[in-house]
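Asker: Please see the structure below; I have some questions.
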Amino acid sequence: MALKKVKGNFERMFDKNLTDLVRGIRNNKDNEAKYIAQCMEEIKIELRQDNIAVKANAVAKLTYLQMLGYDISWAIFNIIEVMSSNKFTCKRVGYLAASQSFHADSELLMLTTNMIRKDLNAQNQYEAGLALSGLSCFISHDLARDLANDIMTLMSSTKPYLRMKAVLMMYKVFLRYPEALRPAFPKLKEKLEDPDPGVQSAAVNVVCELARKNPKNYLSLAPIFFKLMTTSTNNWMLIKIIKLFGALTPLEPRLGKKLIEPLTNLIHSTSAMSLLYECINTVIAVLISISSGMPGHAASVQLCVQKLRILIEDSDQNLKYLGLLAMSRILKSHPKSVQAHKDLVSACLDDKDESIRLRALGLLYGMVSKKNLMEIVKKLMSHMERAEGTLYRDELLTRMIEICSQNNYQHVVDFEWYITVLAELTEMETSAKHGCIIAAQLTEVGARVADVRPFAARECGALCARVAAAPPGPASREVLYAAAYVLSEYCEEEEVMLNAVSPLLACAGVGGGYMRARAVCVHAALKLCARLLRARRDRNMRDQDIELIRECLAGLRPLLCSEDMEVQERAHNATALLTLVLRELSPGDAVLPAEEPPSATGLLVEHEQSNGLENADDEETLNQNAKEDLIEELAQLFDGELKPVAPKAQKKVPMPPDLNLDQWLSRDRWSSESSSSEGEGEGEEGGPMFPAPHDARPTAQFTPEELDMLREARRQEQANNPHYLKDDSPRSYQQDDIPIAEIALEVPLQIHTKRSDKYLMSRESSSKKKKEKRTTKKRKAKKQDKHSTDSESEEWERRPAVCAGGELPEGAAPSDDEPPPPHDDPHHALDLDLDRPLREDELLTSRLQQYPSPGVGLLDKKKDKPAKKSKNAENDTPDKPVKKKKDKKSKQRKQSATESIKNEKTEDILLIDGVFKSNGEQLKEDVVENTELTVDEGKTLKTEKHKKKKESKNKDQTISSKKRKSTKKDKHESKTGYEEALGISTPSKEVV
Amino acid sequence: MIKAILVFNNHGKPRLSKFYQYFNEDMQQQIIKETFQLVSKRDDNVCNFLEGGSLIGGSDYKLIYRHYATLYFVFCVDSSESELGILDLIQVFVETLDKCFENVCELDLIFHADAAHQVLDELVMGGMVLQTNMAEILCRLQEQNKMQKAEAGISAAPARAVSAVKSMNLPQQLRDMKLPDLPQAIKDLKF
């Protein structure tokens, strides 16, 4: 037997070790997957061996495979086995594997609790250190709760190495188990003044991380940090402290004022670039927080900007990058001082390094003004043409749009120029994503700037023509969506309308991939057609009208069987409508479907018309009126202006007081509103007797009266509802004529030169002329009247009106009072008041008392033999915490044995309430369990056994969890002390 | 906080990966791949900071990297870390590796990824910087290795002998070592 074992072990020596595995993988480059699959099989066999060294070897190999992307979660149990080995070598392998593959939600993690506790309390500092390092990677809520105390004890270890690791570890514990923060905080504070610089640095690190998310709770530490900052020479720690101050100053301006001086000194004195940079950053934060009203304030800004300029001009790209990054922070509060360095920023725009260009782009945002916007955008456009990386291109485009549209187009003076820029960007055919952005801009400018609409419509017409002529690129496909809308909505010029109809219909037929704009194109064509017919109805242009409709119908015909459902649907609609009009205009037209039997009126009209030259004049005019009527009605379908809606308008719509969303939309509702409904009695009758069937579904049988009522109610609702087309506009034939813009069409647009440049040139030339004391009108004046202003200064000021904001429901004010959306940041739970004195029940000791280490591992069976012998073990669930609590309760119940069971029950609940106030769900469960047990009088447990057991449990816990530095000698005192403490901590008991 | 530390070679092969936030294995590989693509197309004379990794981090996170011969050392950090500080940290890491392996090269990391992890564990813990003093780190590592050696003692002798024999020119070994691979290995040796 022994021989066999030795032999087995000996064979195992020839197993592959990690080196062999790596070598093997490198030698099997061609069939790596197969080789690794084979190795996995071997590993599985090795893991079945008893020899721990063999297992460790297997686990080491698994760790390597994990790095290559293989899932090793199946081996979690084996890894735990290796971790629990007594040998440091194996432990190292095990903890490495664990730190690489475990995570907070791993199964079986609870198996590790006691093992890790043992390691944490190991004699050798490296074993404890190893456990801490490993644990930091996979700590879960349960582990954090159960081990918090052990780690806290390590924070006051005699070995700096362990103190340091334990301090860092506490941060992870806080994240997973926020309740530990308050009890542990005094100790953490203590560590800020630890004699060992490493521990100090670790504590600073942890506080910085905590304060970053909840700075206000750490303001009280400012004096300590201030002292550290002025005394310490450890740059690494200084950086952290200075960063921390950067987070604190916005909350406490006085702190900022105090900081300026030492920070300025540091800026002047330090040679370390990293420290210099962080100092500048914090000075900036201070400057932002105190904004102004401080002596020497301007000097500090100047100093920062100067130093940053030196950084940006440095040949080291890293410094250049950081300089720009910090510059963008100053920009927000002191744009003036940054604008002075515009030359520097535009030089960086040409840098070969993409990161730097991106940073410079970010700075541009604050540097544009009305005067230089065109120039900057021109430069960016040229970049756009040569940019190769998608990321940079994306950024360029969004930035360009951003600087133009910022603050409701604050800097855009000439919107025709802006529309041209958008059109040119579209022509670059970058990506669909860009197309969407451009499309949004196009619609927005159209909606907000009324003056530019005719021009925008013309540009959009050109775009549609281009798309119709050649297969569109991805960007055009998206932009067409907006272009078709803008064109049809804002076009006022007949010629443009006329020329746009067939390209639009052609666009709707463009295939080659999904294009959401297609259906919109059909719709736009119909809309243009209708508006055009109305626009020229006064002039007798019947032939042209017929021609137009024929052209339209011809264009629509191929779309009638489009593969896109939406296009098909709309094409059918449009065809039907236009056919109707055409029949009015020219009955018996060849285009009309011949087989269709003419409608009664149509027939009548036709006959009378064909019969009678002798027809009376009034007959003729009547006929004319009917046509106009039809055209008018068709055009009316598209009336009404769409206005911008404020982003939060939907949320602001007040809830009608009588609206009950939970109520069924059954007939009862309607019948209850009107007293004269016959169905009412029926409903009443069924109600109380058969509530279920009555509530289940409203029956669909309505009396005619009810139907009328419903209809009326619906009409009312629609009248008040902004989403329905209002029918309040009188459908009279004498509606005001739409004013027809009599604008001479512009000179044809040249495509090959940059069209947007001409605006820049015209601007420059006009400004030159102005300087020569001119009064010649600007070139733009001949196109539109809006820019014909006299003085230059006024020209910058005068720009088309841009309607800001958007529509809101009545009574709602635009505001940003909405709370930020909640997100699952663990730091939220750490937002605790740290200065409040600790409550007794918050101490980690008492917590551990309530929660004995759960699921003590299979690996450490010795420690775990508590409740098995107790009487109630058979009928109880294996849930240990519950069992224990029950025991405790039973003991307490003994003291108040005179009270009735019922009283007892309530008392228990109150008691629990008092003790475990902060425990949510588990508590509730326990209460339920507990009260159930109380009722179960046969099993009320008053045996000595339980008492003993509880005492021994107590002992265990007090050893590990004493916060006060109790030695093992006064274990008993501390135990009794604890009992008393428990009594104090449960005031509700006395109350009851 | 440091979110991840990645080491990979010029071809994107991972040599060391440490994630301080959980990602499953597939995701980890994707992150490595994406990071490699972002980093590898950058010239050596551009800055060492990179924004725009989509898989890891987000707006608050940055990639800070250094390129040494055949290896990229990439740290993914959030805004609480000092950019220049992390660059120094990478330098400390590499110098410490250099001391541990005596003229470290890619092959050392390939065959001793576990040792590299041990170095890293003394440098960074749970995403936070633990120790930046190289002498201190080396001292801690030496003491731990001493423990390991003492533990192995006599019992490890046969295993060591076997592995020594295995490393010698056994016929099997020769067959395993495909000759075309040798030039590659030699190339890798140049650090």
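The values are calculated or read from the model by the stated rules, or taken from the named source; none is laboratory data. Source: prediction; values computed, not measured. Reconstructed Cβ throughout: ideal geometry from the backbone, glycine too, with neighbour counts over all protein chains shown. All accessible areas refer to the heavy atoms of the entire protein, side chains included, with ligands and DNA or RNA removed. Shrake-Rupley method; radii C 1.70, N 1.55, O 1.52, S 1.80 Å.
Asker: Please work out how much accessible surface A:LYS216 shows to a 1.4 Å probe, ignoring ligands, DNA and RNA, in Å² rounded to 10.
Answerer: For A:LYS216, solvent-accessible area is about 120 Å².
Asker: Further, regarding this structure: Taking the Cβ of A:PHE102 as the center, what net charge do the other residues with Cβ under 14 Å away carry, scoring Lys and Arg +1 and Asp and Glu -1? Numbers along the way, then the final one.
Answerer: Numbers: positive: A:LYS172, A:ARG176, B:LYS18; negative: A:ASP71, A:GLU81, A:ASP105, A:GLU107, A:ASP142, B:GLU25.
For residues surrounding A:PHE102, the net value is -3.
Asker: Further question: What shape does region B:2-132 have by the C-alpha gyration tensor, where a ≥ b ≥ c are the square roots of the eigenvalues, rounded means a/c under 1.5, and otherwise prolate means a/b greater than b/c and oblate the rest?
Answerer: Details: a/c = 1.31, a/b = 1.22, b/c = 1.07.
Rounded, because the longest to shortest axis ratio a/c is under 1.5.
Asker: Ignoring ligands, DNA and RNA, how do A:LEU331, A:LEU637 rank by accessible area with a 1.4 Å probe, largest first?
Answerer: Working: A:LEU331 15, A:LEU637 95 Å².
So the residues, ranked largest to smallest area, are A:LEU637, A:LEU331.
Asker: Can you compute the FRET efficiency between A:ASP105 and A:ASN51 using 1/(1 + (r/R0)^6), with r the Cβ-Cβ distance and R0 = 35 Å? Round to the nearest 0.05.
Answerer: Numbers: r = 31 Å, r/R0 = 0.89.
Efficiency computed from Cβ-Cβ geometry: 0.65.
Asker: Just reorder A:HIS268, A:HIS434 by solvent-accessible area, largest first, 1.4 Å probe, all chains present.
Answerer: Working: A:HIS268 120, A:HIS434 5 Å².
So the residues, ranked largest to smallest area, are A:HIS268, A:HIS434.
Asker: Taking the Cα centre of region B:2-132 as origin and charging only Cβ (+1 Lys, Arg; -1 Asp, Glu), how large is the dipole, in debye to the nearest 20? Don't skip to the end; give the middle numbers.
Answerer: Numbers: 10 positive and 19 negative charges, 61 e Å.
The calculation lands at about 300 debye.
Asker: Determine the share of region B:8-112's accessible area contributed by carbon and sulfur atoms, expressed in whole percent, with a 1.4 angstrom probe. Please list the in-between numbers first.
Answerer: Numbers: 1780 of 4040 Å².
Accessible surface attributable to carbon and sulfur in region B:8-112 totals 44 percent.
Asker: Accessible surface of A:ARG357 in the full protein assembly, 1.4 angstrom probe, to the nearest 10 Å²?
Answerer: 30 Å²
Asker: Same structure again: Heavy atoms only, 1.4 Å probe, whole protein assembly: order A:LEU263, A:LEU358 by accessible area, highest first. Don't jump to the answer; show the numbers that get you there.
Answerer: Working: A:LEU263 0, A:LEU358 30 Å².
The ordering from most to least exposed comes out as A:LEU358, A:LEU263.
Asker: Right, another one. Read phi for every residue in region B:80-91 and hand back ³J(HN,Hα) as whole Hz from Karplus 6.51 cos²θ - 1.76 cosθ + 1.60, θ = phi - 60°, with x for Gly and Pro.
Answerer: Values, residue by residue: 7, 9, 7, 4, 5, x, 5, 4, 5, 4, 4, 4 Hz.
Asker: Quick check: residue separation of A:ASN573 and A:GLU252 times 0.36 nm, minus the Cα distance between them. What number comes out in nm?
Answerer: On the way: separation 321, 0.36 × 321 = 115.56 nm, distance 6.59 nm.
That works out to 109.0 nm of additional length.
Asker: Another one. For region B:41-78 and region A:275-341, compute the distance between their C-alpha centroids and round to whole Å.
Answerer: Rounded to whole Å, the Cα centres lie 24 Å apart.
Asker: Once R0 is set to 30 Å, what does the formula 1/(1 + (r/R0)^6) return for the Cβ-Cβ distance between A:LEU661 and A:GLU444, expressed as a FRET efficiency to the nearest 0.05? Display every interim value, and only then the final one.
Answerer: Working: r = 33 Å, r/R0 = 1.11.
That pair, A:LEU661 with A:GLU444, gives E of 0.35.
Asker: Hey, another quick one. So for the pair B:ALA152, B:HIS67, with labels modelled 7 Å out along Cα→Cβ, what separation do we get in nm?
Answerer: Distance between label points: 3.7 nm.
Asker: If you don't mind, another one. Report the calculated FRET efficiency for A:LEU68 and A:ARG542 (r = Cβ-Cβ distance, R0 = 51 Å), to the nearest 0.05.
Answerer: Values: r = 79 Å, r/R0 = 1.55.
For R0 = 51 Å, the calculated efficiency reads 0.05.
Asker: How big is the charge dipole of region A:405-489 about its Cα centre, in debye rounded to the nearest 20, if each Lys and Arg gets +1 on its Cβ and each Asp and Glu gets -1 on its Cβ?
Answerer: Numbers: 6 positive and 10 negative charges, 40 e Å.
It comes to approximately 180 debye.
Asker: Please name which of B:VAL7, B:GLY127, B:ILE86 has its Cα lying farthest along the dipole of region B:2-132 towards the positive end, using unit charges on Cβ (Lys, Arg +1; Asp, Glu -1) and the Cα centre as origin.
Answerer: B:VAL7
Asker: Next up: Could you tally the net charge around B:MET27, taking each other residue with its Cβ under 11 Å from the Cβ of B:MET27, Lys/Arg +1 and Asp/Glu -1? It would help to have the intermediate numbers written out before the result.
Answerer: Details: positive: B:LYS33; negative: B:GLU25, B:ASP26, B:GLU34.
With Lys, Arg at +1 and Asp, Glu at -1, the neighbours total -2.
Asker: While we're here: For B:LEU16, what residues show an amide H to amide H distance below 5 Å, using hydrogens built from the backbone and excluding near sequence neighbours?
Answerer: Distant-sequence amide H within range of B:LEU16: B:VAL7.
Asker: Give, in nm to one decimal, the length gained when the segment between A:GLU566 and A:ARG386 is fully stretched (0.36 nm per residue of separation minus the Cα-Cα distance). Walk me through the numbers before you get to the answer.
Answerer: Details: separation 180, 0.36 × 180 = 64.80 nm, distance 3.84 nm.
Stretched fully, the A:GLU566-A:ARG386 segment lengthens by 61.0 nm.
Asker: Hey, another quick one. Given 0.36 nm per residue, what is the gain on full extension from A:ASN265 to A:ASP314 after removing their alpha carbon distance, in nm? Before the final figure, lay out the partial values.
Answerer: On the way: separation 49, 0.36 × 49 = 17.64 nm, distance 2.19 nm.
Residue separation times 0.36 nm, minus the Cα-Cα distance, leaves 15.4 nm.
Asker: Right, here's the next one. Under a Cβ-Cβ cut-off of 11 Å, what is the net charge of the residues other than A:VAL510 that fall near it, where Lys and Arg count +1 and Asp and Glu count -1?
Answerer: Values: positive: A:ARG477, A:ARG518; negative: A:ASP564.
So the environment of A:VAL510 carries a net charge of +1.
Asker: Mind grabbing the accessible area of A:TRP74 for me, 1.4 Å probe, Å², rounded to tens?
Answerer: Probe radius 1.4 Å; accessible area of A:TRP74 about 100 Å².
Asker: Extending each Cα 7 Å along its Cβ direction at A:ASN31 and A:ASN408, get the distance between those two points in nm, one decimal.
Answerer: Here the modelled spin labels are 7.2 nm apart.
Asker: May I pose another question? Over 19 Å between C-alpha atoms is what I'm after, so list which of A:LYS91/A:LYS172; A:LYS29/B:LYS13; A:LYS240/A:LYS320; A:LYS44/B:LYS18 land there. Each step should come with its number before you reach the end.
Answerer: Working: A:LYS91/A:LYS172 22 Å; A:LYS29/B:LYS13 13 Å; A:LYS240/A:LYS320 22 Å; A:LYS44/B:LYS18 25 Å.
From the list (A:LYS91/A:LYS172; A:LYS29/B:LYS13; A:LYS240/A:LYS320; A:LYS44/B:LYS18), the Cα-Cα distance tops 19 Å for A:LYS91/A:LYS172; A:LYS240/A:LYS320; A:LYS44/B:LYS18.
Asker: So which residues of region B:60-107 lose at least 40 Å² of accessible area, probe 1.4 Å, when you go from the chain by itself to every protein chain present?
Answerer: The answer is B:SER80, B:SER82, B:GLU83, B:LEU84 - residues whose exposure falls by at least 40 Å² when every protein chain is included.
Asker: A:ALA719 versus A:LYS433, label points 7 Å from Cα toward the beta carbon: distance in nm?
Answerer: Each label point lies 7 Å from its Cα, and together they span 5.0 nm.
Asker: Using only protein heavy atoms and a 1.4 angstrom probe, determine the accessible area buried between A and B, summed over both sides, in Å² to the nearest 100. All intermediate terms of the calculation are to be shown ahead of the outcome.
Answerer: Details: alone 53050 and 11750 Å², together 58510 Å².
Buried area (both sides, nearest 100 Å²): 6300 Å².
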